[in-house]
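Working notes, structure below.
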Amino acid sequence: MVALSRTTQTPTPDAAGKFGAYGGRFVPETLMPVLDELAEAYEELRDDATFRAEYEHLLHTYVGRPSPITHARRLSEHLGGAQIYLKREDLLHTGAHKINNALGQVLLAKRMGKRRVIAETGAGQHGVATATACALLGLPCVVYMGAVDMQRQQPNVFRMRLLGAEVRAVESGTRTLKDAVNEAIRDWVAHPHDTYYVIGSALGPHPYPTICRDFQSVIGREARAQMLAQVGRLPDQVIACVGGGSNAIGIFYGFLNDERVRLVGVEAGGRGIESGEHAARFAESAHPQVAGRVGIFQGMKTVVLQNADGQIANTHSISAGLDYAGVGPEHVYLREIGRAEYTYATDEEALQAFNLLCRLEGIIPALESAHAVAEAIRRAPTLPRDQILLVNLSGRGDKDLNTVMPLLEEENNGVG
Amino acid sequence: MGLEAIAAAFARARAEGRPALMPYWSLGYPDAPTSLRVIQALAEAGADLIELGVPFSDPLADGPIIQHANHVALTRGITVRACMALAAQARQSGVRVPMLAMGYANPMLAYGEARYAADWAAAGVDGLIVPDLPPEEATTLEAACAAHDLALVQFTAPTSTEARIQLAASHATGFIYIVSVAGVTGPREQLAEGLRDYVLRVKAYANGKPVVVGFGISKPEHVREVGQFADGVIVASALLRHAGEAADPAAAAFEFVRTLQYWR
């Protein structure tokens, strides 16, 4: 039985939905009662045996869980240090961890009697996952996607339409993920009673960060048990990329109470912190236009990239899934209490990691996940061979081929 | 100044048997000097109060028209500090009606909540509206507003439960902002169904605080109808749409506000 219920040792948000000082609810009044309704429904269902059984059944028979753990032998050998293991979320149906959350939330929507589902998407992975869950469970689905992202991720737009979803182009603001979230929230404000909004990461107003975390924590629970069964011990470090932070919080949760296990989040360093073109919310920055500070963004209090005047910054990452100004509030809390540490990998480092994993392990990772791989590549050579790094390989890279092809071909030509 | 001036504006309208008219304009739109002239024109046209929009990059509660105005103003470099300077200039140039600054929570937080209230008050503004700061999260700002004799407006929505209406009513100072429809700001052809009953429901908890209807109020007929059961109306997107891209936005705004005043 997949336990969605709280464990005694893990932090849960307080009554106001806060993890320490972060999270909470900062939304227009129209949504406040709707969020109350959602929180109540979720409180009831998270401990409901029938609901949990239905979710678990779909994870096993439809999503393809449990996902395996792979020892990256050749990569570890190549680096000459710690052993790298990969949690293979890339092998799930729809190609990424997003389906764990989308399926859980659409199931929740159905149990709440909602008649319509909306979602936002950046790279398209959460949109595809939500469209998939809606096709499976028979609910109409509208996905908001920035017009710029639609251009960059055409195959996923087509995928969503194949799955019966309506994809709506967002032309406001920067026409990327944050604007798609704004538009989805505006839709929800206009249809508060019949519509369920499936947020794609551990983000947004309470109770979303908790809901998403709970559905994603299956990754960490599985990984912990698999490490013990396959390797006979826990990893020394768990490494995951952090955009909104759902795959990271999902795998971290399995190890939160294992104090000896270091938890490492990897943000998108883009073209470098000094350039101001990145999405590393936790990186020290003196840049006047792009610095990570505590703010209020898309319904939550969290660390958000912004300028000195409190306007939300334009972010950049080679991976659309990490290209977002805010971070899930629980990560801010975990960082503050010293339970998790956060670093970043640049576009360049992610590409190199992408390349290396393809060549040495026969695995094409998502560019998002390649950031976590890059951090493992950085750390492994500095550590003894009996150390273990567990990397959450959150998605597969087929979606990124159009992005990667021109860049790597250029590099290969340059290298000769 | 402050709460008293706001109360006086509503009392005057009530004495004249009409709703108080509160037009909204985005500061810095289409540019800073023009927005100042628009504010002056709104006052000259007989606005009872004026809502000053403080642009934000991600205005969640706003529809395309206000989003566009925010975007244009930000592109042209508007800042919170510049907005305060515009309000101060409006005051110095003789605008006497109460002004309320409507801005989202993040620029306020970046500025510093206490200083935000103090500096708006110093600029001559009478109250604040923060659409993404529910009463539960407004404790610090409430204290800062009280210290500077600023109103802090609270919202009700069609989805609000009785308990939430009570919460908004008990925390609101200046007036209660009644969001007329479930949705974002934007002009609408028709008033929301059941609006009268909803407004009266809020009024029952208002303890005499003025109730003001906004979102979708676009025409003189709307003002007339809502005026029968509410203390005031807010007109935002319809005004921006009418005047924002006019050759002379101040003249167009003046004329639009006049057409809304069915009592003239």
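Assorted remarks:
- Under the simplified labelling scheme, the residue A:14-residue A:293 pair shows an inter-label distance of 2.4 nm, with each label point 7 Å from Cα along Cα→Cβ.
- Estimated FRET transfer efficiency (residue A:259, residue A:77; beta-carbon r; R0 41 Å; 0.05): 0.85
- Exposed loop sites were defined as GluC sites (Glu not before Pro) in DSSP loop states (anything but H, G, I, E or B) carrying at most 15 other C-beta atoms within 10 Å; in chain B the longest segment without such a site runs B:17-188.
- Dipole in debye (nearest 20) - the range A:1-137, about Cα centre, beta carbon charges: Lys, Arg +1; Asp, Glu -1: 460 debye
- Annotation for the range A:204-272: GluC sites (Glu not before Pro) lying in DSSP loop with at most 16 further Cβ atoms inside 10 Å of their Cβ are A:259.
- Accessible carbon and sulfur surface of the protein assembly as shown relative to its total accessible area, %, 1.4 Å: 51 percent
- Values of log10 I(q)/I(0), in the order q = 0.17, 0.19 Å⁻¹, for the range A:216-354 under a Debye, Cα-only, solvent-free model: -0.89, -1.05
- In chain A, the ratio of gyration radius to Kirkwood radius, Rg to Rh, stands at 0.94 when only Cα atoms are counted.
- Exposure of residue B:108 as accessible area (Å², to 10), given a probe of 1.4 Å and all protein chains: 0 Å²
- The relative contact order of chain A comes to 20 percent, based on Cα pairs under 8 Å that sit 6 or more residues apart.
- The range A:16-90 and the range A:215-292 have Cα centres lying 13 Å from one another.
- MRE, 222 nm, helices only [DSSP H, n ≥ 4, -39500 (n - 2.57), over the protein assembly as shown, to nearest 500]: -13000 deg cm²/dmol
- Label-reachable residues, the range A:282-296, where backbone N falls under 15 Å from a point 7 Å from residue A:382's Cα toward its Cβ: none
- At least 15 Å along the helix axis (C-alpha) and Kyte average at least -1.0, DSSP helices within chain B: B:2-15, B:32-44, B:64-75, B:80-92, B:195-205, B:249-260
- Between residue A:358 and residue A:112, the modelled labels are 4.1 nm apart [label points 7 Å from Cα along Cα→Cβ].
- FRET efficiency, 1/(1 + (r/R0)^6) with R0 60 Å, evaluated for residue A:47 and residue B:146 via beta carbons: 0.90
- Coil-residue GluC sites (Glu not before Pro) of the range A:269-354, DSSP, other Cβ within 10 Å capped at 16: A:274, A:284
- Taking every C-alpha pair closer than 8 Å and separated by at least 6 residues, the mean separation divided by the residue count of chain B gives a relative contact order of 24 percent.
- DSSP H segments from chain A that extend 30 Å or more along their own axis, Cα-based, with Kyte-Doolittle mean of -0.5 or above: none
- Centre-to-centre separation between the Cα atoms of the range A:101-134 and those of the range B:74-110: 40 Å.
- Once the chymotrypsin sites (Phe, Trp or Tyr not before Pro) in DSSP loops with at most 16 neighbouring Cβ atoms within 10 Å are cut out of chain B, the longest remaining piece is B:1-228.
- Left without a cysteine partner by the 4.7 Å Cβ rule in the protein assembly as shown: A:212, A:241, A:358, B:83, B:145.
- With the biggest extent put first, the Cα atoms of the range A:310-416 measure 47, 44, 22 Å across the principal axes.
- FRET efficiency estimate (nearest 0.05) - Cβ-Cβ, residue B:11 to residue A:162, R0 56 angstrom: 0.35
- Loop-resident trypsin sites (Lys or Arg not before Pro) (DSSP state other than H, G, I, E or B) in the range A:91-146 with no more than 12 further Cβ atoms inside 10 Å of their Cβ are absent.
- Relative contact order (%) - criterion: Cα under 8 Å, at least six apart; region: the range A:150-235: 10 percent
- Cross-link reach list, lysines versus residue A:399, counting only Cα pairs under 26 Å and skipping chain neighbours closer than eight places: A:87, A:98, A:178
- Per residue accessible area of the range B:2-260, 1.4 Å probe, in Å²: 35 Å²
- Label-point gap, in nm, between residue A:93 and residue A:275 - each point 7 angstrom along Cα→Cβ: 3.9 nm
The values are calculated or read from the model by the stated rules, or taken from the named source; none is laboratory data. Just so we're clear, the structure is a prediction, and the values are computed from it rather than from any experiment. Heads up, the Cβs are rebuilt from the backbone with ideal geometry, glycines too, and the neighbour counts pull from every protein chain shown. Just the protein is used for accessible areas: all its heavy atoms, side chains included, with ligands, DNA and RNA removed. Shrake-Rupley method; radii C 1.70, N 1.55, O 1.52, S 1.80 Å.
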